[in-house]
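One structure is given here, and the rest of the page talks about it.
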Amino acid sequence: MKNILCLILLLPFISYAQHKSYAQSKVESFQLLPLTSGTNTSIRGLSVVSDQVAWVSGSNGFIGKTANGGLHWDWVQPEGYEKLDFRDIEAFDEQNAVVVNAGSPAYILLTTDGGKTWKRTYENMDPAIFLDGMDFWDKQKGIVFGDPIDGQLQILSTNDGGQKWKAISQQLNMKMQQGEASFAASGTTIKTLDKGNVWIATGGAVANIYHSSNYGQTWIKYPCPIWQGENSTGPFSMDFLDAQQGMVVGGNYLQDKERKNNALVTKDGGATWLTPPTPVFGYRSGVLYVNKNLCLAVGTSGVDLSKDGGMNWENISALGFNAVKKAKNGKLILLAGSNGTIYRLILP
């Protein structure tokens, strides 16, 4: 969504045992460890490949990579794209990654040499284009989506790892409502799972979940009863554990400490949604299943943790972040935000 703000709080290292509001919590042994900060970029794209390899992307054309678990980060600004806001990145290993920017013109860039050079594989000069997020089923098959143009959600697909992109917007033959769009807060209002499953979350004037079980060829729409009705409200992040169990978080980024109807859980693939008895503690732009029970949510006003699959949350840090991801193959969990700030979450 074109008018999303970039508000992030930065605080120093914190151990959860030191957080006064939860001094008696049972999560004292969890820790947030700062890895890097100071680069002039607000990070929203985050892809953790393994316990060693992770990539990030953000404003001012910055893309970062670590090959040693976050101890050292290399930063690049692809030539000619220094002013772009790279809102999402998908990495496959230390050498191969795909990055997408928000805003117009829209570009998708690909690297096969660890970020040394970048090839433009998609370009859209339409002043109305605004890509929101990207996800991949595997190293070859991926999908990108963006805000509607003339009521049509914009969708692209690739079958060759991002070398070429095909427009498949017409496959979602449902007209978006006036004021319905999505948020590129962390590139996570889209989620893919095996067997061709993919979900897209929209918000603003109205919130919906669009689900496909065949790689985006056909779609079903489900209403999402999260906070909505204004262009600053709706679902800002989504994650699914499997084809049935999922969750969304969001709220209103203009009221980032407000806990009004800002988290939901589904047990039937998004068809219906449950309201957690104890919601997240404010606007949240990133949500993650660490496992079936342990979940994390991050936003500009803090970090929350659930130990029962997203039904009850407790605030464990006042640190502000945009995104949170876990290694596809491993246990590394990273959180990222403004000023090039990246933290690691250490589990007990």
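Here are some notes:
- Near pairs, Cβ below 8 angstrom, 6+ apart or cross-chain, from region 81-110 (at positive phi) to any residue that is outside any loop (DSSP other than H, G, I, E, B) and open to solvent by 30 Å² or more (accessible area, probe 1.4 Å): Gly103/Asp85
- Boolean, Phe236 is touching a Lys or Arg at 6+ places or on another chain (Cβ under 9 Å), crowded, with 20+ Cβ neighbours inside 10 Å and not in a strand (DSSP E or B): no
- The combined condition, being surrounded by fewer than 22 Cβ atoms within 10 Å (Cβ to Cβ) and among the basic types (Lys, Arg), is fulfilled by Arg259.
- When restricted to residues that are of a type in the set (S, T, N, Q) and part of a strand (DSSP E or B), region 259-304 contains 2.
- A count restricted to region 188-233 and to residues that are β-branched (Val, Ile, Thr) and not in a strand (DSSP E or B) stands at 5.
- Of residues in region 37-93 being buried (at least 18 other Cβ atoms within 10 Å of the Cβ) and among the acidic types (Asp, Glu), the one nearest to Gly286 (Cα to Cα): Asp88
- Residue that is open to solvent by 10 Å² or more (accessible area, probe 1.4 Å), hydrophobic (A, V, I, L, M, F, W, C) and within 17 Å of the chain's Cα centre (by Cα), where the choices are Leu274, Leu193: Leu193
- Odd one out for Tyr289, checked against (1) within 15 Å of the chain's Cα centre (by Cα); (2) surrounded by 24 or more Cβ atoms within 10 Å (Cβ to Cβ); (3) hydroxyl-bearing (Ser, Thr, Tyr): (2)
- Selection from region 117-167 of residues that are surrounded by fewer than 22 Cβ atoms within 10 Å (Cβ to Cβ), part of a strand (DSSP E or B) and hydroxyl-bearing (Ser, Thr, Tyr): Thr121, Tyr122, Ser157
- Residues located in region 245-256, provided they are open to solvent by 20 Å² or more (accessible area, probe 1.4 Å) and either under 18 Å from Asp135 (Cβ atoms) or in a strand (DSSP E or B) (or both): Gln245
- One residue from Asn339, Asn315 being part of a loop (DSSP other than H, G, I, E, B) and open to solvent by 10 Å² or more (accessible area, probe 1.4 Å): Asn339
The values are calculated or read from the model by the stated rules, or taken from the named source; none is laboratory data. Keep in mind that what you see is a predicted model, and the values were worked out from it rather than measured. Here Cβ is always computed from backbone atoms with ideal geometry, including for glycine, and neighbour counts include all displayed protein chains. The accessibility values were calculated without ligands, DNA or RNA, using every heavy atom of the protein model including side chains. Shrake-Rupley method; radii C 1.70, N 1.55, O 1.52, S 1.80 Å.
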